[in-house]
């Protein structure tokens with residue numbers, strides 16, 4: 001009997017490849033969006049995995065970044081298959097319990113995940129958003145660290161889903177940001193200003209301001 005083909009329990013989205021190529025070419029999301037004739041939100045969605053690469057985008061990426069249209073289509077096809085395989089391996093009871101933690105309406109309104117066409121798509125959308133293969137990996141990466149960070153605040157116990165979604169958004173935004181060369185000295189000089197922002201309750205208020213203060217810290221590198 002022939003051995004089954006090797007199927008790893010991890011996968012890399014096309015956006016990871018795109019981000020590496022953007023880094024080499026010092027392309028920001030805004031600059032690439034203009035080259036593609038698309039919105040910046042589309043580029044960010046490509047990086048996050050919430051926007052699929054269709055034929056038009058595949059050709060655009062081939063013309064504006066690198067590779068061929070066939071390469072990008074194949075990259076998307078492989079990723080979609082891996083994502084579906086990962087989702088199908090998760091028991092329905094487990095996936096339902098995991099998904100109940102997230103404020104779906106808020107996340108959809110923010111455009112962080114694509115609106116699912118059917119219930120099964122929702123699980124794949126969250127796996128793609130967090131870049132994990134199952135709820136266990138999500139818990140290891142986010143829930144445990146949040147539990148430690150807020151261990152003295154009972155009000156945060158039931159908010160790990162929402163908090164992890166915001167934390168992931170920060171990771172994705174940071175990954176697509178063109179920043180300066182890392183400067184420990186400049187960080188020490190600005191740390192007090194950054195601490196003031198931790199008192200703000202609204203991420204929409206403090207994240208852009210924190211980004212403005214942090215971007216000179218670390219030209220030519222995309223984190």
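The values are calculated or read from the model by the stated rules, or taken from the named source; none is laboratory data. Remember, it's a predicted structure, so these values are computed and weren't measured experimentally. In this analysis, Cβ positions are derived from the backbone assuming ideal geometry, glycine residues included, and neighbour counts consider all displayed protein chains.
Taking residue 143, is it modelled with pLDDT under 80, in a helix (DSSP H, G or I), closer than 22 Å to residue 108 by Cβ and in contact with a helix residue (DSSP H, G or I) (Cβ under 8 Å, 6 or more places away or on another chain)?
Spelling it out, residue 143 is indeed modelled with pLDDT under 80, in a helix (DSSP H, G or I), closer than 22 Å to residue 108 by Cβ and in contact with a helix residue (DSSP H, G or I) (Cβ under 8 Å, 6 or more places away or on another chain).
Answer yes if at least one residue in the stretch 148-165 is within 13 Å of the chain's Cα centre (by Cα) and modelled with pLDDT of 90 or more, and no otherwise.
yes
Right, residue 97: part of a helix (DSSP H, G or I) and either assigned by TED's automatic domain parsing to the domain that holds residue 161 or under 18 Å from the mean Cα position of the chain (by Cα) (or both) or not?
yes
Which residue pairs have Cβ atoms under 6 Å apart, sit 6 or more places apart or on different chains, and have a first residue in the stretch 116-132 that is assigned by TED's automatic domain parsing to the domain that holds residue 52 and closer than 12 Å to residue 86 by Cβ and a second that is modelled with pLDDT under 90 and crowded, with 22+ Cβ neighbours inside 10 Å?
The qualifying pairs are 128/49.
Which one of the conditions (1) over 24 Å from residue 173 (Cα atoms); (2) under 18 Å from the mean Cα position of the chain (by Cα) does residue 63 fail to meet, given that it meets all the rest?
Only one criterion in (1) over 24 Å from residue 173 (Cα atoms); (2) under 18 Å from the mean Cα position of the chain (by Cα) is unmet by residue 63, namely (2).
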